[in-house]
Structures are given as C-alpha cells and as structure tokens.
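The structure appears below as structure tokens.
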Amino acid sequence: MNNIVIACQTLYDELNLAVKIANCNFPIIWIDSEYHLDPNKLREKLQKEIDAQDGVDNILFAYGCCGNGLVGLTATTADLIIPKTDDCISMLMSKPGEKFERRKETYFLTKGWIESSKGLKQEYQNALRRYGPEKTKAIFKIMLKNYKYLMLIDAGAYNIHEYIEKAAEIAEMTSLNLIVEKGSIWYLIKLLTGPYDKDFCIIKKGEKVTVEHFGFVDNNIGHQDIVAI
C-alpha cells in the first residue's frame, strides 16, 4: 500500500520513535501546532494537504478528533485513517482495549507542547512583555482556573529528566502542581502498521469525517485549552 502520514508537530519525537520501532518509511507531512488554536483553520490546513496528494492509498493521521478539527474533512484523494481518540494526549495516555479517562483539573504537557510557539511558557513570557508580572499572573489565574495539576507525559521518546526541569519552571509560573506519568506510543505504532480496526476511524475515498466516526469521543472535551495572548 502507498501510504503517507500527516502529523501534528507536537508528536514529532513520539512519532519518530514509532517510525524507528515499526521500521516504517512512509513520508510524513508535519503540521505546525499553532493550527490547534482554531479548529476551523486546522481543518482547512488538513484538507489542503489531503487534496494535494496523488497516487496515495491511505492517509494516516497522527491526530485525534482535536476539538472537532478533523470533523468535516473529505477523503478526496485517498482513504483516511484516523485514531479514534479525543486528541494527541489521549493517544499517548490510552492503553490497548481501554478507554482513556481524562484526569480532571489537569493540563497535559509533552516535549512537543513545551517547545511549541504557543506553549504555556512562551505565552506567559509574551504576556510578561506586554502586561508586566502582576497583570500576567492575574490573566493566567483566570485562564487556568479549571486546572490544579500540570502533568508531564513520559512516553519514552526523549530524556524526560531534561523536560521535568522545564515543566517545573512552567508549574512554578502558573502555580500548578507538577506530576509525571508514563505514556505509550503503542497507538502511533499501530497507526503505522495496522491492523485498522475499532481503534481507528476509516473514511473511504469520497466520504466525509463525521462526529459519529469517533464513537466514544466526548466532543465537549475536544482538546485541552491552548493559551494565546
């Protein structure tokens, strides 16, 4: 089969590790994480990438539902294979055959999200430059009012100790309690190797992605709020 992968930049390390383990050589199109700020812009960007393909059998998405950002995509050039998850966090935290129950009051981090241009640290620093320390602290207290914890996910794709230090800085800035929890890249490996079963949405060429394709996904959750100042 002639397959291609479209992936969120935040999963760069995790997907590259999965590629190595699966001994996979599919081409990968990386999409900037800033598109998560607006599900409509994300959908528009992904549709352009789908439409640009030629001679491809399957387009594999390293994305979940992502705040309905993938709902409405049309399989114009190939079949679409999409993990049946809320977002990339669910993808890394789920276990085979089990539904991932999102921990309440928790903001999730990975290396990709820490280094994103729209990550918490970067946006906090942007706010400091614009508003000063007192107003910035007040702004983030309101923005993160529903969160108590900051969870760093360790999926084994990079040196977690280096990013624990970075996550601790973010936790101190935002007054959240830092926790570290093990994740897994099994979903990404299965995305590359198959089989494409109940863990995936299968959208045949000519069809459109609907909410129903995701089955158990709670679309009121979508993906965690992304702070943009």
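The values are calculated or read from the model by the stated rules, or taken from the named source; none is laboratory data. In this text the structure is predicted, and so the values were computed from the model without any measurement. Virtual Cβ from ideal backbone geometry, glycine too; neighbours counted across all protein chains shown. These accessible areas exclude ligands, DNA and RNA; they are computed on the full protein's heavy atoms, side chains included. Shrake-Rupley method; radii C 1.70, N 1.55, O 1.52, S 1.80 Å.
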Among Trp186, Met1, Ile170, whose Cα lies farthest out toward the positive end of the dipole of the chain, if unit charges sit on the beta carbon of Lys, Arg (+1) and Asp, Glu (-1)?
Ile170
Check the straight Cα-Cα distances from Lys48 and name the lysines below 24 Å, setting aside those fewer than 8 residues away within the same chain.
Lys84, Lys118, Lys204, Lys205, Lys208
Given a cut-off of 24 Å, name the pairs among Lys20/Lys111; Lys104/Lys182; Lys45/Lys137 whose C-alpha atoms lie farther apart than that in the structure shown.
Lys45/Lys137
How big is the stretch 36-130 in terms of Cα radius of gyration and Dmax, in angstroms?
15.9, 49
Which order do peptides 121-134, 14-27 fall in by mean Cβ count within 10 Å, highest first?
14-27, 121-134
For helix 120-131, what angle does its Cα long axis make with the longest principal axis of the chain, in degrees from 0 to 90 and rounded to 10?
50
Per residue, how many Å² of accessible area does the stretch 15-85 show with a 1.4 Å probe?
40
With no solvent and one point on each alpha carbon, what is the Debye value of log10 I(q)/I(0) for the chain at q = 0.07, 0.10, 0.16 Å⁻¹?
-0.22, -0.45, -1.11
Can you tell me the accessible area per residue over the stretch 125-177, all protein chains present, probe 1.4 angstrom, in square angstrom?
63
Where the Cα pairs of the stretch 81-160 fall when distances are cut into 5 Å bins, in %:
3, 12, 18, 21, 19, 12, 8, 4, 2, 0
Once phi is turned into θ = phi - 60°, what whole-Hz ³J(HN,Hα) does the Karplus curve with 6.51, -1.76 and 1.60 give for every residue of the stretch 27-42, x standing for Gly and Pro?
x, 10, 9, 8, 10, 4, 5, 4, 5, 5, 5, 9, x, 5, 5, 4
Roughly speaking, to the nearest percent, how much of the chain's 1.4 Å accessible area is carbon and sulfur?
48
Could you work out the equivalent-ellipsoid semi-axes for the stretch 110-218, taking the square root of 5 times each eigenvalue of the Cα gyration tensor, largest first, in whole Å?
34, 19, 13
For Lys208, solvent-accessible area (1.4 Å; no DNA, RNA or ligand), Å²:
110
